[in-house]
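A.B. asks: The following block contains the structure, expressed as structure tokens.
The values are calculated or read from the model by the stated rules, or taken from the named source; none is laboratory data. As the structure is a computational prediction, the values presented were derived from the model and not from experiment. So basically every Cβ, Gly included, is an ideal-geometry build from the backbone, and we count neighbours across all protein chains shown.
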Amino acid sequence: MRLLYVMTATMVATLVSTTALASKELAQKSACLACHAADKKLVGPAYHDVVKKYAGQKDAEAILAKSIKAGGSGKWGPVPMPAQTALSDADATALAVWILAGAK
Ligand code: HEC
């Protein structure tokens, strides 16, 4: 029983860290990190500020996935974000989930 618990915990931990890594790699690969950082404003807003702005919105994931793909302007400042046309819907959602989880 105890062994089973340890095994499950290890599996969950592995799963969680693999997902986080995959999304960070995805953000790197998609050049998001050229304009964004987790904790400071670069060209675009810091991902931690994005989390604050959308905290408590239940459809935050869908809103962000959409604005990641479509790009946008005027929400954060005068600089627009270009549309990410090469990104699949699944990748846009994965990035939205990763950002809302703190972009680690
Ligand atoms: C050329 C620079 C640039 C790149 C590349 C870029 N962004 Fe942005 N991003 C911005 C700017 C500028 C804004 C603010 C736009 C605004 O004011 O509405 C922004 C806004 C955002 C927001 C907030 C959207 C909202 O609706 O509030 C998210 C989330 C985001 N970017 C994620 C990403 C992800 C994920 C990628 C990679 C696929 C990416 N960005 C690539 C510049 C960039």
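A.B. asks: Within segment 35-84, how many residues are of a type in the set (Val, Ile, Thr) and either touching a residue at least 60 places away in the same chain (Cβ under 8 Å) or buried (at least 17 other Cβ atoms within 10 Å of the Cβ) (or both)?
C.D. replies: Of the residues in segment 35-84, 3 are of a type in the set (Val, Ile, Thr) and either touching a residue at least 60 places away in the same chain (Cβ under 8 Å) or buried (at least 17 other Cβ atoms within 10 Å of the Cβ) (or both).
A.B. asks: Tell me yes or no: at least one residue of segment 59-75 is more than 10 Å from the ligand (Cβ to nearest atom), in contact with a helix residue (DSSP H, G or I) (Cβ under 7 Å, 6 or more places away or on another chain) and modelled with pLDDT of 95 or more.
C.D. replies: Yes; the residues of segment 59-75 include at least one that is more than 10 Å from the ligand (Cβ to nearest atom), in contact with a helix residue (DSSP H, G or I) (Cβ under 7 Å, 6 or more places away or on another chain) and modelled with pLDDT of 95 or more.
A.B. asks: Which residue is nearest to ALA27 (Cα to Cα), if the candidates are limited to segment 59-78 and must be of a type in the set (Gly, Ala, Ser) and not in a loop (DSSP other than H, G, I, E, B)?
C.D. replies: ALA65
A.B. asks: Follow-up question, since we're still on this one. Restricted to segment 40-58, and to residues that are within 13 Å of the chain's Cα centre (by Cα) and assigned to a loop (DSSP other than H, G, I, E, B), which residue is farthest from the ligand (Cβ to nearest atom)?
C.D. replies: Ranking the candidates gives ALA46 first.
A.B. asks: What is the residue count in segment 85-104 for residues that are loosely packed, with under 11 Cβ neighbours inside 10 Å, small (Gly, Ala, Ser) and either in contact (Cβ under 8 Å) with a residue 24 or more places away in the chain or in a loop (DSSP other than H, G, I, E, B) (or both)?
C.D. replies: Selection size over segment 85-104: 2.
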